Amino acid sequence: MRLNYPSNIKIINVPCTGRVDILHLLKAVEDGADGVYVAGCLEGDCHYISGNLKAKKRVAYAKKVLEAIGLEPERVEMYNLSAAQGARFAEIAREFTERIHQLGPSPVGSGAKAA
Amino acid sequence: MVVAESKPIEEILAMVADFDKILLTGCKGCVTVCNAGGQKEVGILASALKIARKKEGREIEIEEITLERQCDPEYIDQLEEPIAKNNYDAVLSMACSVGPQYIAKRYEDTLVYPCLNTTFIGGALEHGVWAEFCQACGSCGIHNFGALCPIARCAKSLLNGPCGGSAGGKCEISPETDCVWHLIYERMSRLGQLDKMANVVMFKDWTTSRDGGPRKIVREDLKQ
Ligand code: SF4
Ligand code: SF4
């Protein structure tokens, strides 16, 4: 399956989204990413039981932090999809890129992007 | 332990509005355990402040350090080198409010700010939930109440409860709050001590509490 997704997305692999910390999300924004999203497994399907649910709460916390300092919380997001959903992966990448285009560049930014 | 929570970021941002270089200090004691001011929270706050300031086009330099404890002078000494070497505009403390006072005492010419609201002496009910259990009255009498503290845990600090507001095990202040006097009744009944509840507990001598002014404990056997 060859699917295209926007080239502005930079992928950072983690063993499980449960490894994603609030600080990882904030550091990406601090270093100039216009948006950051976490792509976790479908809820209920985590190999480690609750990694994706933990990630969801941390994304929610990071959103709150951004809101408190006057940045759009939509710049951080959590998506759930299965490893078999390649088409959905590309669709999310386009969806999120579109959202960030609408928000415009981050006022923090040096132009770097992260996913 | 001492339980605290972060001040709103907006409040902390306003504190540092005039500064370009600060030292942000955490504490590995109580506030690490209650996830308010340990190394991890120091990192998160530092990043949030940096993002906010980058956004305003006025970057702030933040150095992070987390001390063993901020309520012991020997650990506060660890700040000596960073403070002497760097010209910080201010030092921020993420310890309970003992910490910033110790830093202020030790470094007389340094501006010091608290980042937490120190809230109570308590413990965890579950991960991420903490509650108040003790008010440090200085003269513990919880053995009279089934080993539960009505001073800290009853909204009215009643020594002879419950009041008329106790309903279905909950306190009249909120359906979320247990009526500690209900718990005391249940526990004393289980222990076969209900007869003790008929005794009127006389008023408490509050001089051991804050009413006697700031408190101090001196242990001659330990003093140097
Ligand atoms: S400074 Fe406060 S939070 Fe840190 S160990 Fe001492 S009492 Fe606990
Ligand atoms: S309802 Fe119970 S806990 Fe609440 S004030 Fe009355 S006695 Fe105290």
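Determine, yes or no, whether B:A84 is of a type in the set (A, V, I, L, M, F, W, C), in a helix (DSSP H, G or I), within 14 Å of chain A (Cβ to nearest Cβ) and more than 24 Å from B:G122 (Cα to Cα). When the stated conditions are applied, B:A84 does not pass them. Criterion first (within 13 Å of ligand 2 (Cβ to nearest atom) and among the hydrophobic types (A, V, I, L, M, F, W, C)) does B:L183 satisfy it? Yes; evaluated as a whole, the condition is true for this residue.
Is it fair to say B:A136 is more than 14 Å from chain A (Cβ to nearest Cβ), within 16 Å of ligand 1 (Cβ to nearest atom) and either modelled with pLDDT under 95 or at positive phi (or both)? When the stated conditions are applied, B:A136 passes them. Residues of segment B:58-91 that are surrounded by 13 or more Cβ atoms within 10 Å (Cβ to Cβ) and either outside the structural domain of B:G37 (by TED's automatic domain parsing) or among the small types (G, A, S) (or both): B:A90 alone. Cβ-Cβ distances below 6 Å connect no pair with a first residue in segment B:92-112 that is outside the structural domain of B:Q39 (by TED's automatic domain parsing) and acidic (D, E), a second residue that is assigned to a loop (DSSP other than H, G, I, E, B) and more than 10 Å from ligand 1 (Cβ to nearest atom), and a separation of six or more residues or different chains. Consider segment B:203-217 and keep the residues that are of a type in the set (D, E, K, R) and surrounded by 10 or more Cβ atoms within 10 Å (Cβ to Cβ). The one that is farthest from B:P150 (Cα to Cα) is B:R215. Give the residues of segment B:23-38 that are among the aliphatic types (A, V, I, L, M) and over 14 Å from B:V129 (Cα atoms), sorted by residue number. Within segment B:23-38, B:L23, B:L24 meet the criteria.
Residues that are more than 9 Å from ligand 2 (Cβ to nearest atom) and without any contact (Cβ under 8 Å) to a residue 40 or more places away in the chain were ranked within segment B:152-168; the one that is nearest to B:N199 (Cα to Cα) is B:A152.
A Cβ distance below 7 Å, combined with a sequence gap of six or more or placement on separate chains, defines the contacts here; from segment B:203-221, residues that are in a loop (DSSP other than H, G, I, E, B) reach residues that are of a type outside the set (D, E, K, R) in the pairs B:K204/B:L159; B:D205/B:S139; B:S209/B:C137; B:S209/B:G138; B:R215/B:G138. Listed by position, the helices (runs of 4 or more DSSP H) inside segment B:1-70 whose residues that are facing chain A (nearest Cβ under 10 Å) number at least 2 are B:9-15, B:39-55.
Report whether or not A:L26 is buried (at least 18 other Cβ atoms within 10 Å of the Cβ), within 12 Å of the chain's Cα centre (by Cα), within 14 Å of another protein chain (Cβ to nearest Cβ) and of a type in the set (A, V, I, L, M).
It is true that A:L26 is buried (at least 18 other Cβ atoms within 10 Å of the Cβ), within 12 Å of the chain's Cα centre (by Cα), within 14 Å of another protein chain (Cβ to nearest Cβ) and of a type in the set (A, V, I, L, M).
Selection within segment B:100-136: residues that are part of a strand (DSSP E or B) and of a type in the set (D, E). The member of this set that is nearest to B:R69 (Cα to Cα) is B:E132. When the helices (runs of 4 or more DSSP H) confined to segment A:11-115 are screened for residues that are at pLDDT 95 or above and touching a Phe, Trp or Tyr at 6+ places or on another chain (Cβ under 8 Å), those reaching at least 2 such residues are found at A:86-103. The residue that is surrounded by the fewest Cβ atoms within 10 Å (Cβ to Cβ), counting only those in segment B:174-202 that are in contact (Cβ under 8 Å) with a residue 12 or more places away in the chain and hydroxyl-bearing (S, T, Y), is B:T177.
The requirement of being exposed (fewer than 13 other Cβ atoms within 10 Å of the Cβ) and assigned to a helix (DSSP H, G or I) is not satisfied by B:S139.
The values are calculated or read from the model by the stated rules, or taken from the named source; none is laboratory data. Keep in mind it's a predicted model, so treat the numbers as computed, not measured. Here the Cβ is made from the backbone with ideal geometry for all residues, glycine too, and neighbour counts use every protein chain on show.
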